[in-house]
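Visitor: Before we start, here is the structure in question, set down as structure tokens.
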Amino acid sequence: SREDQPNTDIITLTRHVLSEQYKLGAAATGDLTLLLTAIQTTSKFIATNVRKARLINLVGLAGETNVQGEEQKKLDVLSNDIMINSLRASGKTAVLVSEELEDAVIIEGRYKGKYCVVFDPLDGSSNIDAGVNIGTIFGVYHIAPGSDGNISDVLRPGSEMVAAGYTMYGSSANLVLSTGNGVNGYTLDAALGEFILTHPNIKIPPRGKIYSFNEGNSMYFHPPVVSYLNSIKYPPAGKAPYSARYIGSMVADVHRTLLYGGIFGYPDDKKSKSGKLRLLYEAFPMAFLTEQAGGLATTGTKRILDIVPTNIHERCPVFLGSKDDVLDLIRFYKEAN
Ligand code: AHM
Ligand code: MG
């Protein structure tokens, strides 16, 4: 190969997903590929809006409160509309659940398809106005056999998802995806308008050196979390303490955890009985990716992907990351019980 020549055989996201689907042979209809194409288009569209937000006055509040009683940002609303419109138009969806909408959207008529998409269109909203990384998180279910596509199709354990991913809007837009066969990362080439495979087969290191918690909540944390954090901050003689990194955008904190290793946590505590993060469209997709990359995701006492949701907006405690780090954390929970 001539190293001074540009690569003429780039692998785009669509090409990569198609080749994965071909491997499945007759089982694949191409529908999932088309759905993922719609999702990547929404990420490109959201990415351009995030880029120009400051210039066209998209930052600030939209003047409405969402289901959880939080103020919505203009970009949140816009990103939600982009995703709803595109996913409906793809003709491949039956049920859509968005953090921004109280009720699930049931697709009827000629646009109805066989997939359900749960998503947080723009996560990390407290970071928008400061220009810090934010992202879109999504999970995909296939409707259950015999189902006409209703809410029960998304009230299923995360382990039944057929795909999950996120797009991080940072110095570049990075889409990280799993269709249940490992995890791959793609970077948006703005000139081509294509996501290019840049991080094939992401594997999370078995142990890291970084912890990522909002320690400002320490006074509310339960004893196992406090003891665990103390154990990595005050290690036995001869061992180095862990470094703290916390952005406050789940997508960015999880992205770093997948690449560098370590542990990310948003525990339940004395104030937030179930933690803060949403099970369906935050915890499940990130737990799916973490496990697919060789890591673990737990509530402290049970595997996140095994939880059966009862409500589309329910919350759940989250600890995820390098296998050995998460096992250490679990040990503190076991000792406490
Ligand atoms: P959001 O959906 O309102 O943006 O909240 C979710 C975000 C996550 O991205 C992040 O992990 C967490 O909230 C940070 O919360 P805190 O500011 O309490 O540390
Ligand atoms: Mg969110």
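Throughout, read-outs are computed from the coordinates displayed, never taken from laboratory work. These figures come from a predicted structure and were not determined experimentally. Backbone-built Cβ (ideal geometry, glycine too); neighbour counts: all protein chains shown.
Visitor: Show the residues, 5+ positions off or on another chain, whose built amide H is closer than 5 Å to the amide H of ALA173.
Guide: Amide H neighbours of ALA173, under 5 Å, 5+ apart: LEU188.
Visitor: If you don't mind, there's one more thing I want to ask. When Lys and Arg each count +1 and Asp and Glu each count -1, what net charge do the other residues less than 14 Å away from LEU96, Cβ to Cβ, add up to?
Guide: Working: positive: ARG88, LYS92, LYS112, LYS114; negative: ASP81, GLU99, GLU100, GLU102, ASP103, GLU108, ASP120, ASP153.
Residues near LEU96 contribute -4 overall.
Visitor: Something else now. Round to the nearest 0.05 the FRET efficiency obtained for TYR234 and SER274 when R0 = 41 Å and r is the Cβ-Cβ distance. Mind dumping the intermediate values first?
Guide: Details: r = 29 Å, r/R0 = 0.71.
It comes out at approximately 0.90.
Visitor: Within 10 Å of each residue's Cβ, count the other Cβ atoms and sort GLU314, GLU282 from fewest upward.
Guide: Values: GLU314 14, GLU282 27.
The most exposed by this proxy come first: GLU314, GLU282.
Visitor: Between ASP81 and ALA190, what length comes free when the chain is fully extended (0.36 nm per residue of separation minus the Cα-Cα distance, one decimal in nm)?
Guide: Working: separation 109, 0.36 × 109 = 39.24 nm, distance 2.23 nm.
Stretched out fully, the ASP81 to ALA190 stretch lengthens by 37.0 nm.
Visitor: Over the stretch 78-196, what is the percentage of antiparallel beta bridges among all DSSP beta bridges, to the nearest 5? Could the numbers behind the result be given before it?
Guide: Values: 29 of 35 bridges.
Of the beta bridges lying entirely in the stretch 78-196, close to 85 percent run antiparallel.
Visitor: Net charge near ALA173, counting Lys/Arg +1 and Asp/Glu -1 over other residues with Cβ under 10 Å of its Cβ?
Guide: Net local charge, ALA173 excluded: +1.
Visitor: While we're here: Could you order peptides 232-244, 176-188 by the average number of other Cβ atoms within 10 Å of their residues, highest first? Can you show the working numbers first?
Guide: Details: 232-244: 11.1, 176-188: 20.7.
Those peptides, ordered most packed to least, come out 176-188, 232-244.
Visitor: Also, quick follow-up: When the chain is fully extended, how far beyond the present Cα-Cα distance does ILE56 get from ALA336, taking 0.36 nm per residue of separation?
Guide: Values: separation 280, 0.36 × 280 = 100.80 nm, distance 5.21 nm.
Contour length minus the Cα-Cα distance gives 95.6 nm.
Visitor: For the stretch 280-295, what does the Karplus curve 6.51 cos²θ - 1.76 cosθ + 1.60, with θ = phi - 60°, yield as ³J(HN,Hα) per residue in whole Hz, taken in order and with x for Gly and Pro?
Guide: 5, 10, 10, 5, 4, x, 5, 5, 4, 4, 4, 5, 5, 8, x, x
Visitor: Something else: List, in order, the whole-Hz ³J(HN,Hα) value for each residue of the stretch 156-167 obtained from phi through the Karplus relation with A = 6.51, B = -1.76, C = 1.60 and θ = phi - 60°; use x for Gly and Pro.
Guide: Calculated HN-Hα couplings, in order: 10, x, x, 5, 8, 5, 9, 7, 7, x, 8, 10 Hz.
Visitor: Rounded to the nearest 0.05, what FRET efficiency do THR8 and ASN214 give with R0 = 45 Å and r taken as the Cβ-Cβ distance? Could you check? Present the calculation step by step, with values, prior to reporting the outcome.
Guide: Numbers: r = 46 Å, r/R0 = 1.02.
About 0.45, to the nearest 0.05.
Visitor: With contacts defined as alpha carbon pairs under 8 Å and 6 or more residues apart, what's the relative contact order of the chain in percent?
Guide: Working: 688 pairs, mean separation 50.4, N = 337.
Here the relative contact order equals 15 percent.
Visitor: So who's got an amide H within less than 5 Å of the one on GLU314, skipping anything under 5 residues away but keeping other chains? H placed 1.01 Å off N, in plane.
Guide: LEU279, LEU280
Visitor: Could you give the size of the charge dipole of the chain about its Cα centre, using +1 on the Cβ of each K and R and -1 on the Cβ of each D and E, expressed in debye and rounded to the nearest 20? Before the final figure, lay out the partial values.
Guide: On the way: 33 positive and 35 negative charges, 132 e Å.
Roughly 640 debye, rounded to the nearest 20.
Visitor: Further question: Any idea which of ASN174, LEU197, ASN230 is furthest toward the positive side of the dipole for the stretch 141-273, if Lys and Arg beta-carbons carry +1 and Asp and Glu beta-carbons -1?
Guide: ASN230
Visitor: Report the local net charge at PHE195: Lys and Arg +1, Asp and Glu -1, summed over other residues whose C-beta lies under 13 Å from its C-beta.
Guide: Numbers: positive: ARG15, LYS44; negative: ASP189, GLU194.
My count for the surroundings of PHE195 gives 0.
Visitor: Mind checking the log10 I(q)/I(0) for the chain at q = 0.08 Å⁻¹? Debye, one equal scatterer per Cα, no solvent, two decimals.
Guide: -0.37
Visitor: Next question. Taking square-rooted eigenvalues a ≥ b ≥ c of the alpha carbon gyration tensor, is the stretch 164-307 rounded, prolate or oblate, where a/c under 1.5 means rounded and, failing that, a/b exceeding b/c means prolate? Let's see the in-between values first.
Guide: Working: a/c = 1.93, a/b = 1.60, b/c = 1.21.
In terms of gyration-tensor shape, prolate.
Visitor: Here is a further query. Hey, what number do you get for the chain at 222 nm if only DSSP H runs of n ≥ 4 count, each worth -39500 (n - 2.57), divided across all residues, to the nearest 500?
Guide: Counting only the DSSP helices, I get -9000 deg cm²/dmol.
Visitor: Under 26 Å from the Cα of LYS209, which lysines turn up, not counting those fewer than eight places away in the same chain?
Guide: Cross-link targets: LYS233, LYS239, LYS276, LYS302, LYS323, LYS334.
Visitor: Just to be sure I understand: of the beta bridges DSSP finds with both ends in the chain, what percent are antiparallel, rounded to 5? Write out the running numbers ahead of the final one.
Guide: Details: 44 of 55 bridges.
So the antiparallel bridges amount to about 80 percent of the total.
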